[in-house]
Amino acid sequence: MYKDNLPHQNDLPTSRQLAISTVVALVTATVLLVTVVLPAEYGIDPTGVGRALGLTQMGEIKVQLAEEAKIETAEIVELQEQPKEMSLISPQPVSPQPVQAPATESITVMLAPGEAAEVKLIMNKSARATYAWTVDTGHVNFDTHGDNAGIDYHNYSKGKAVSGDEGELIAAFDGSHGWFWRNRSNETVNVTLNVSGEFTAMKRVL
Amino acid sequence: MIVTIGSAAIRGCSFFILLLLSGVAGAHGVTEGDQGYIQEISGTNIIPFMYLGAKHMVTGYDHLLFLIGVIFFLYRLADIGIYVTLFAIGHSSTLILGVYFDIAANAYLIDAIIGLSVAYKALDNMGAYQRWFGVQPNTKIAVLVFGLFHGFGLATKMQEFEISREGLLANLIAFNVGVEIGQLLALSGILIVMSFWRRTASFYSQAYNANTLLLTAGFMLIGYQLVGYWIA
């Protein structure tokens, strides 16, 4: 440090150079803000450059996710304020129950690009249900999971950009167990789900 | 002098960027922000990953603090270029290798080492190693080696994103290019501000205290990350 670190005057920029640099920086910042940052974070794209770069699409997805997260948080708060009422996502009365008679259900869900849907089975702990779902075209992301009044989210399996899945769902607890699908392809898709097993109801919750 | 882009870019963008630092898992497994976006997409998305890389660097205050330490007493563009390139080589290699080969590294420990790099550079600027040990460790090698750790730090953040393997290499390289762009933007801003400062008569006497602040920040980073490691 010390003596060898003193800047020589001719190594430093002049006052004029600095002023110009600062102005250029301000202008560049504004341009970047409008063409890159606002599209990528908020989907706000006044010039259209963001969409050409593929950044506005990123912002739109982020905004969509934020809104969905807000809605889900609000639903959870609502549920917590209604302790005794039965709601879509509350469990059936718990008591040692004999094995239920197998039920069979089928549903077809249409998803436009960007749309999501969620179908759940009301099941008791350790109940089993075999399932198979397919999409007729395009692909979907999926999240097989369960929840109840006390458990926010319990994941069974997840996948991205697939055209179908099948298996056996074994409920980890009393509650709602099922599938979340999101269409991230460019075309409208139809998801067809067939289930058979020990559940008391099938509901579309989203 | 360095043309363009920087301090005003930082000021303009930082407000928005700070609002949206990384993905936070919401209820029912809805993941928001950048992590949420990455979990929704598949395949090659070059420009979005470039953006994410730039955002990571510009909001990565531990990386920026190290950079500030490195260029603190560098006045010539050529010198700055050399050191920044060495840092870039360091962090690019470990970023790409770390993510592509899914090398597991504890994020807290890596981030603690990054904090150590900040403290190390501050002490170096203060002439501590010459004073205490009579040696001046090679500054270029130090920047390269610490750069490797900074890259691992970037890699662990990327691994948390759970990017799909499909198109990973292209996305990774795009992310890396973005990191370099972000680094350039941040550096330009830092240099504009520092150039104003360096022209004042009191720069030199304030420089020592500024490096003490940098050292403090480095120690705080180390402590913060180590505590995180122990309680996590």
(message) Among (1) part of a helix (DSSP H, G or I); (2) modelled with pLDDT under 95, there is one condition B:Gly23 misses while meeting the rest; what is its number?
(response) (1)
(message) Is it the case, given these coordinates, that B:Ser164 is touching a residue at least 12 places away in the same chain (Cβ under 8 Å), assigned to a loop (DSSP other than H, G, I, E, B) and within 13 Å of chain A (Cβ to nearest Cβ)?
(response) yes
(message) If I filter the range B:74-96 for residues that are more than 23 Å from B:Gly218 (Cβ to Cβ), part of a helix (DSSP H, G or I) and touching a Leu at 6+ places or on another chain (Cβ under 8 Å), do I get at least one hit?
(response) yes
(request) Could you tell me which of the residues A:Asp165, A:Asp174, A:Asp143 is surrounded by 15 or more Cβ atoms within 10 Å (Cβ to Cβ) and under 14 Å from A:Asn194 (Cα atoms)? (result) A:Asp165
(request) Taking only the range B:209-224 into account, find how many residues are closer than 18 Å to B:Ile113 by Cα, small (Gly, Ala, Ser) and either within 13 Å of chain A (Cβ to nearest Cβ) or surrounded by 15 or more Cβ atoms within 10 Å (Cβ to Cβ) (or both). (result) 2
(message) Taking the criterion of being at pLDDT 90 or above, more than 30 Å from A:Ile76 (Cα to Cα), facing chain A (nearest Cβ under 7 Å) and in a helix (DSSP H, G or I), would at least one residue in the range B:36-48 satisfy it?
(response) yes
(message) Tell me yes or no: at least one residue of the range A:41-48 is assigned to a helix (DSSP H, G or I), small (Gly, Ala, Ser), buried (at least 18 other Cβ atoms within 10 Å of the Cβ) and in contact with a helix residue (DSSP H, G or I) (Cβ under 6 Å, 6 or more places away or on another chain).
(response) no
(request) Within the range B:176-208, count every residue that is at the interface with chain A (Cβ under 9 Å from one of its Cβ atoms) and polar (S, T, N, Q). (result) 2
(message) Based on this model, can you work out whether B:Ile141 counts as at pLDDT 95 or above, surrounded by fewer than 20 Cβ atoms within 10 Å (Cβ to Cβ) and β-branched (Val, Ile, Thr)?
(response) yes
(message) Can you pull out every residue in the range A:34-69 that is at positive phi and facing chain B (nearest Cβ under 7 Å)?
(response) A:Gly54
(request) List the number of the failed condition for B:Ser188; all other conditions in (1) more than 21 Å from the chain's Cα centre (by Cα); (2) in contact (Cβ under 8 Å) with a residue 40 or more places away in the chain; (3) closer than 23 Å to A:Leu18 by Cβ hold. (result) (1)
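Condition check ((1) in contact with a Ser or Thr (Cβ under 7 Å, 6 or more places away or on another chain); (2) in contact (Cβ under 8 Å) with a residue 40 or more places away in the chain; (3) of a type in the set (Phe, Trp, Tyr); (4) not in a loop (DSSP other than H, G, I, E, B)) across all residues:
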position	(1), (2), (3), (4)
A:Lys160	yes, no, no, yes
A:Glu168	yes, yes, no, yes
A:Ser176	no, yes, no, yes
A:Leu206	no, yes, no, no
(message) Against the conditions (1) away from chain A (no Cβ under 13 Å); (2) crowded, with 22+ Cβ neighbours inside 10 Å, where does B:Val227 fall short? Just the number, please.
(response) (2)
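The values are calculated or read from the model by the stated rules, or taken from the named source; none is laboratory data. Given the structure is predicted, the values throughout are model-derived calculations rather than measurements. Here the Cβ is made from the backbone with ideal geometry for all residues, glycine too, and neighbour counts use every protein chain on show.
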